[in-house]
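The block underneath contains the structure these notes are about, expressed in structure tokens.
Please treat every number below as a calculation from the coordinates, not as lab data. In this text, all values refer to a predicted model and were calculated from it rather than measured experimentally. Ideal geometry is used to build each Cβ from the backbone, glycine not excepted, and the neighbour counts take in all protein chains shown.
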Amino acid sequence: MTKLLWIKHAAQLATLATKEVGPRRKKEMSELGLIENGSILVRNGIIQDVGRTDELEARHADHLEEATIVDATNHLITPGLVDSHTHVVFAGSREQEFEMRLSGATYMEIMESGGGIHATTRMTRAASVDELLEQTMKRLDSFLAHGVTTIEAKSGYGLDLETELKQLRVLKRLQQEHPIDLVPTFMGAHAIPAEFDSRAEEYVQFIIDVMLPIIAKERLAEFQDVFCEQGVFTKEQAMRILEAGKKWGLLPKIHADEIISYGGVEVAARVGAISAEHLLKTTKEGMKALARAGTIACLLPATALFLHEEAAKGREIIDAGVPVAISTDCNPGSSPTTSMPLVMNLACLLMRLTPREALTAATFNGACALNREKCIGSLEVGKQGDVVMWKVKDYRELQYQFGVNHVKSVWKKGVQVVNK
């Protein structure tokens, strides 16, 4: 049976439609494709038409009576939000570190004392598949309630073959069991595990020789990421790991310049990374390198806030011609949030993005950072019917009223999955 959804009379419909190919830069990030009294028609999960309500009524008069009709009067309609950087599959919690940090401990001090990534690694290794499924499912439900319809999800809390595979296999199951689309990234190079202490080179070779072939053969990941930072993986090690991953078909991403300016963005440019992430300490030269390479800067303002760090220079990065996406960085240690609306607020308040730029960064450019812009990220004919209806009339209210979840309804592939 044909399923037809017609959302009509939206106060504003932000299509994010564009004639340009690839992620948006500079002034392009302000092009929202706004339609007043907007309307969208979705058949069997695919967008059939977008425009003014009277235009769609005229074009589709013969079969609109068969549609499920949603009156969006006084509401904003946008594409489903895209979170292009998360560590959503993990076990346990680290609220004790929050208190330590407030007492003056730094991120690296906590990590060196056995906390940080190592603490979550221990808990994730100990968790059963069912425990990981249950905990992650709850987080995904929260993401969906905040308007997120697609998420990138990294491994990296295993740091051994068994647990890295467990995380990625859990993601594969959740892709079948949860409405949110999950895009898997292998991040065995998230930290040097305790059992390889002082033997970083051996661990790098273990990733290349043992982990990558199995993960690629089981098709458990689309992307690979490396934490290139002083005290973690060097530029040379990051380059070797990412180049090895490319040979197995994994597209490169990189955690870069989070704690110090370490040259990770130059690695991103050299390996052709689709995105470089964090970038709190990136220099002007690093910004130029990203712009030349066409690498997307995935910025994480909630992480900077939680760590009491100055946020990445979003305004400068955009002005330098780098396409920008924004993300929650959902993880238990430095950004325990599932709220992309809050991240849009913080992108404006801490990074000086405009409301238009923040919405683009949370939708279309996020889709580009996941190689998904041909099917999600904007409301255009032929794309998935991933749609959010917000309890506001104007897109600027999403960023103006900060810390508020304005989601009214969410549709994933034309099926309503949230209705408040």
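Pulled fully out, how much extra length does the chain show between Val404 and Ser30, if you take 0.36 nm times their separation in residues and subtract their Cα-Cα distance? Display every interim value, and only then the final one.
Numbers: separation 374, 0.36 × 374 = 134.64 nm, distance 2.27 nm.
Extending this stretch completely gives an extra 132.4 nm.
For Asp141 and Glu202, what is the calculated FRET efficiency with R₀ set at 35 Å and r taken between the beta-carbons, to the nearest 0.05?
Working: r = 40 Å, r/R0 = 1.14.
Once the sixth-power term is evaluated, E becomes 0.30.
Computed on alpha carbon atoms, what radius of gyration and Dmax characterise the chain, expressed in Å?
Values for the chain (Cα only, Rg and Dmax): 21.0, 71 Å.
List the pair-distance distribution P(r) of segment 196-259, using every Cα-Cα distance, as the percent of pairs falling in each 10 Å bin from 0 up to the bin containing the longest distance, rounded to whole percents.
That works out to 22, 54, 23, 1, in percent per bin.
Hey, can you rank 318-331, 236-249 by average C-beta count inside 10 Å, highest first?
Numbers: 318-331: 25.9, 236-249: 19.1.
Those peptides, ordered most packed to least, come out 318-331, 236-249.
Using +1 on the beta carbon of Lys and Arg, -1 on that of Asp and Glu, and nothing else charged, what's the dipole of segment 193-278 about the Cα centre, debye to 20? Present the calculation step by step, with values, prior to reporting the outcome.
Numbers: 9 positive and 15 negative charges, 85 e Å.
Rounded to the nearest 20 debye, it is 400 debye.
Taking the Cα centre of the chain as the origin and placing charges on Cβ (Lys, Arg +1; Asp, Glu -1), which of Asn331, Phe90, Thr18 is farthest toward the positive end of the dipole?
Projecting each Cα onto the dipole axis, the largest value belongs to Thr18.
Which one of Gly51, Leu279, His146 is farthest out on the positive end of the charge dipole of the chain, using unit charges on Cβ (Lys, Arg +1; Asp, Glu -1) and the Cα centre as origin?
Gly51
Which listed residue (Asn371, Gln230, Val267) has the Cα farthest towards the positive end of the charge dipole for the chain, taking +1 on Lys and Arg C-beta and -1 on Asp and Glu C-beta about the Cα centre?
Of the candidates, Asn371 comes out farthest on the positive side.
In the structure shown, do any of Lys19/Lys253; Lys3/Lys413; Lys8/Lys391; Lys138/Lys166; Lys246/Lys284; Lys235/Lys284 have a Cα-Cα gap over 21 Å, and if so which?
Working: Lys19/Lys253 26 Å; Lys3/Lys413 11 Å; Lys8/Lys391 15 Å; Lys138/Lys166 18 Å; Lys246/Lys284 28 Å; Lys235/Lys284 19 Å.
Among Lys19/Lys253; Lys3/Lys413; Lys8/Lys391; Lys138/Lys166; Lys246/Lys284; Lys235/Lys284, the Cα-Cα distance tops 21 Å for Lys19/Lys253; Lys246/Lys284.
What FRET efficiency do you get for Lys3 and Ile260 if R0 is 35 Å and r is their Cβ-Cβ distance, rounded to the nearest 0.05? Mind showing how you got there, number by number?
Working: r = 52 Å, r/R0 = 1.49.
Once the sixth-power term is evaluated, E becomes 0.10.
Could you please rank His87, His255, placing first whichever residue has the fewest other Cβ atoms within 10 Å of its Cβ?
On the way: His87 26, His255 29.
Going from least to most buried by this count: His87, His255.
If each Cα of segment 215-354 is one equal point scatterer, what is log10 of I(q)/I(0) from the Debye formula at q = 0.09, 0.13, 0.20 Å⁻¹?
Normalising to I(0) and taking log10 leaves -0.25, -0.53, -1.18.
Just rank Tyr107, Tyr157, Tyr262, Tyr400, fewest to most, by other beta-carbon atoms within 10 angstrom. Before the final figure, lay out the partial values.
Values: Tyr107 20, Tyr157 30, Tyr262 23, Tyr400 13.
Ranking Tyr107, Tyr157, Tyr262, Tyr400 by Cβ neighbours within 10 Å, fewest first, gives Tyr400, Tyr107, Tyr262, Tyr157.
Looking only at Ile254, Ile69, Ile317, which one moves most when the chain is put into a Gaussian network model with springs between Cα atoms under 10 Å?
Most flexible of the set in this elastic network: Ile69.
Each residue of segment 296-306 in turn: what ³J(HN,Hα) in whole Hz from Karplus with 6.51, -1.76, 1.60 and θ = phi - 60°, glycine and Pro shown as x?
After applying 6.51 cos²θ - 1.76 cosθ + 1.60, I find 7, 8, 9, 9, 10, x, 5, 5, 4, 4, 5 Hz.
Compare His278, His60, His190 in a GNM of the chain, Cα atoms joined below 10 Å, and give the one with the largest fluctuation.
Among His278, His60, His190, the largest mean-square fluctuation in the Gaussian network model of the chain belongs to His60.
Under 10 Å, Cα contacts only: if you run a Gaussian network model on the chain, which one of Ser378, Ser128, Ser339 comes out with the highest mean-square fluctuation?
Ranking Ser378, Ser128, Ser339 by mean-square fluctuation puts Ser128 first.
How high is the FRET efficiency from Asp319 to Val129, r the C-beta distance, R0 56 Å, rounded to 0.05?
Details: r = 46 Å, r/R0 = 0.82.
That gives a FRET efficiency of 0.75.
Once every DSSP H run of n ≥ 4 in the chain is given -39500 (n - 2.57) and the sum is divided by its residues, what mean residue ellipticity at 222 nm do you get, rounded to the nearest 500 deg cm²/dmol? Working shown, then result.
Working: 17 runs with 150 residues, N = 420.
Dividing the helical sum by the residues of the chain leaves -10000 deg cm²/dmol.
Extension gain Thr106-Val21, at 0.36 nm per residue separation less the Cα-Cα distance, in nm? Please report the intermediate quantities before stating the final value.
Working: separation 85, 0.36 × 85 = 30.60 nm, distance 4.16 nm.
Gain in length upon complete extension: 26.4 nm.
Arrange the peptides 362-373, 26-37 so that the one whose residues have, on average, the most other Cβ atoms within 10 Å appears first. Walk me through the numbers on the way to the answer.
Working: 362-373: 27.1, 26-37: 16.3.
So the order, starting with the most tightly packed, is 362-373, 26-37.
Report, to the nearest 10°, how far helix 284-293 tilts away from the longest principal axis of the Cα atoms in the chain, using its own Cα long axis and a range of 0 to 90°.
Once rounded, one gets 60 degrees.
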